[in-house]
Amino acid sequence: MTDPTIAAQADSGGSYVTALEHADGGGTGKKGKPRSLWSDAWGDLRRRPLFIIASVIILFLIVVAVFPEWFTSADPNHRDLSRSRQTPSSDALFGYDVQGQDIFARAVYGTRWSLLVGVGAAVFTVVIGAVIGLLAGYFGGAVDGFLSRVAEVFFGLPFVLGAIIILNAFRSSGVDSAFALVMMVVFALSLLSWPVAMRIMRSAAISAKQQDYVKAARALGASAWRIIFRHMLPNCLAPILVYATILLGSFIAVEATLSFLGIGLRDPAVSWGVMISDARNYIRVAPHLLLFPAGILTITVLAFVMLGDAVRDALDPKLR
Amino acid sequence: MGRYVLRRLLQLIPVFVGTTFLIYVMVWAVPGDPFAGMCGERPCNPAFVAMMTDKYNMDETVFVQYFLYLGNLLQGDFGETFSGLAVGDLIALRYPVSIQLAVIAVAIEAVIGIAAGILTGLRGRGFVDNLVLVSTLFLISIPTFVTGFLLQIVFGLELGWFPATVSSEATWGELIMPGFVLGSLSMAYVSRLTRTSIAENRRADFMRTALAKGQPKRRIVGVHLLRNSAIPVLTFLGTDLGNLMGGAIVTEGIFGIPGIGGLIYDSILNKEGVTVTGVVVLLVIVFLLVNLIIDLLYAVLDPRIRYD
């Protein structure tokens, strides 16, 4: 079990660096040149136990999400009321829930939905925030003023309240396929959190704009489009990447909170949050209904937060 | 200073209008029949529909509706719920408890978070530092509702140290445990922020000067170091106070606190649009004002910052 995971990690790690080196202009592989920020960070990360533990957990979770049938033979939706709320045994590792469904099997199949929401929302947030932040930082003036005010409008919305209002508005539209439910939550989360990503990108873009390479590109007649995406983007990526990793973990927790309130995911997309929500009326008589999904959720969020911490320390040595 | 405040207040206006309009649209421009399910299984009486449409200007476009609503709001009228209760009264009844809870939460997170941050920031690497880092990792990772249920079961039901639920009077003692739950996530951020800020300032020139002048250690840490490290922490605490006043839906639900979070959650589910917009508008005002006050406090803490 352990060996393939580590091998997979080393493999994916390798391609990670090449991709970024490529984005960086490919000048880092040659000897004698100063190492780039990315390869320096990678060399630092590889030696951090926190990073290795976190990536092993995350890779394992990805495998579980993609191939849940490898990990359990039980049907997560098979109900048998005669075994309702039975405590953990050798038959069912985590016991059975109120409807007599295998909690372990449900948790294994739920991994997919929890991770999808986290990854989807983090990607959307970063893409929206990065594009708007770059435009605001590069053009400045009236464009910046307008985009910053728009961001402030969204920033002023209280997070949980805003998410409930958006999701409630969607709920009456009668969506019920699992994928559509996930997209709804992803949309609500990214709509409310892009302003922070935008601010991070904007300040990075403003400082990058003063650099000589941007002035040189402009003097050579490069278009605004080319300067922004070929020159500034690769150099402004570090801070927002750090933010995205930490955000991913917190989005998984937020999804659980929204599902707990009965407004996030629901039946075809049974995430850990939905399981916890189903368990909440029975916590006094059967705490294992709550504790197992909550424990898995916590470990997952912990892994992403640890990864984010390690990446931040590696990319931003000032904070060490 | 006066001009700065004025400029900031003027800047708040477009943000305020934008945010409230966004909320108004999201609550009122929901696709589907607004009267669906309001009168039980049967369709609503046409007279009732006509009265409601007239009362809430539902036959106008959403822009007109919004500006009529804003006009009433500026005169201090929050409107009425569908059953005829004044929303202003509902808020006045529920809001004090939520403020009380938010204040307790921020006080707890400030005291514990700043203390842990100072301790680790001053000591540097070592056992205490790692302990605090690991505990903050865990606090960040455990969702609020899990912390809430765990503390409720362990301290409320098993050990009986704190009351498991809050009565309708909501005394300060009853709110300590919910306040801790509400503030636990931010506590982790506060302690990390304080630690980084102190570790950065510890090596600053003014610290060396103070040490060279032979000042006592207490004064160096208490006056020079803390005051200069306070700005990022204070910014965070201020934003958090604004957030917690509206974001306590989960905590209020678990402990049965009769606050604003429960009110707004129920109103969203029951499609009481007037209550939702009223409460959220109030929360947005509070949030914006708290941030403004924090900005003005900077100058008190750091005289190098001037507003001209």
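Couple of notes before you dig in:
- Threshold 10 Å², the range A:130-164 residues less accessible with all protein chains present than alone (1.4 Å probe): A:149, A:152, A:153, A:154, A:155, A:156, A:157, A:158, A:160, A:161, A:164
- For the range A:33-124, the set of trypsin sites (Lys or Arg not before Pro) satisfying both a DSSP loop assignment and a count of at most 10 other C-beta atoms within 10 Å is given as A:47.
- The simple Förster model, with R0 at 35 Å and r as the Cβ-Cβ distance, assigns residue A:53 and residue B:200 a FRET efficiency of 0.80.
- A simple spin-label model places the labels of residue A:219 and residue B:128 5.4 nm from each other, with each point 7 Å out along Cα-to-Cβ.
- With distances taken between every two different alpha-carbon atoms, chain B has a Kirkwood hydrodynamic radius of 22.4 Å.
- Of B:216, B:258, B:178, the residue with the greatest mean-square motion in the GNM of chain B, using alpha carbon springs below 10 Å, is B:216.
- Solvent exposure ordering (accessible area, 1.4 Å, most first) of B:224, A:78: A:78, B:224
- Under a model in which nothing but the beta-carbon of Lys, Arg (+1) and Asp, Glu (-1) is charged, the protein assembly as shown shows a dipole of about 3100 debye around its Cα centre.
- Residues B:251, B:209, sorted by accessible area with the largest first, give B:209, B:251 [1.4 Å probe; ligands and nucleic acids excluded].
- In terms of its alpha-carbon gyration tensor, the protein assembly as shown comes out rounded; the largest-to-smallest axis ratio a/c stays below the 1.5 threshold.
- The HN-Hα couplings worked out from phi for the range B:112-117 by the Karplus form 6.51 cos²θ - 1.76 cosθ + 1.60 (θ = phi - 60°) are 5, x, 5, 4, 5, x Hz, whole numbers, x standing for Gly and Pro.
- If the chain linking residue B:75 and residue B:296 were pulled fully straight, counting 0.36 nm for each residue of separation and taking away their Cα-Cα distance, it would gain 76.8 nm.
- Taking every DSSP helix (H) stretch of at least 4 residues in chain A, weighting each as -39,500 (n - 2.57) and dividing the sum by the residue count yields a mean residue ellipticity at 222 nm of -23500 deg cm²/dmol.
- Rounded FRET efficiency, nearest 0.05, which uses the C-beta distance separating residue A:139 from residue B:171 and R0 of 51 Å: 0.40
- Relative contact order (percent, whole number), chain A, Cα cutoff 8 Å, 6+ residue spacing: 22
- Accessible area (Å², per residue) of chain B, counting only protein heavy atoms and a probe of 1.4 Å: 50
- Lys pairs, the protein assembly as shown - Cα-Cα below 24 angstrom, 8 or more residues apart or on other chains: 4
- Each principal axis of chain A carries a Cα extent, and these read 77, 48, 32 Å when sorted largest first.
- Relative contact order for the range B:92-301, counting Cα pairs under 8 Å that sit 6 or more residues apart, in percent: 30
- Selection from B:248, B:286, B:137, by position along the positive dipole direction of the range B:92-301 (Cβ): B:137
The values are calculated or read from the model by the stated rules, or taken from the named source; none is laboratory data. On a predicted model such as this, the values are computed, not experimentally measured, just so you know. Note that we place each Cβ from the backbone using ideal geometry, even for glycine, and neighbour counts take in every protein chain shown. The protein model used for the area step is the full one, side chains on, heavy atoms only, and it has no ligands, DNA or RNA in it. Shrake-Rupley method; radii C 1.70, N 1.55, O 1.52, S 1.80 Å.
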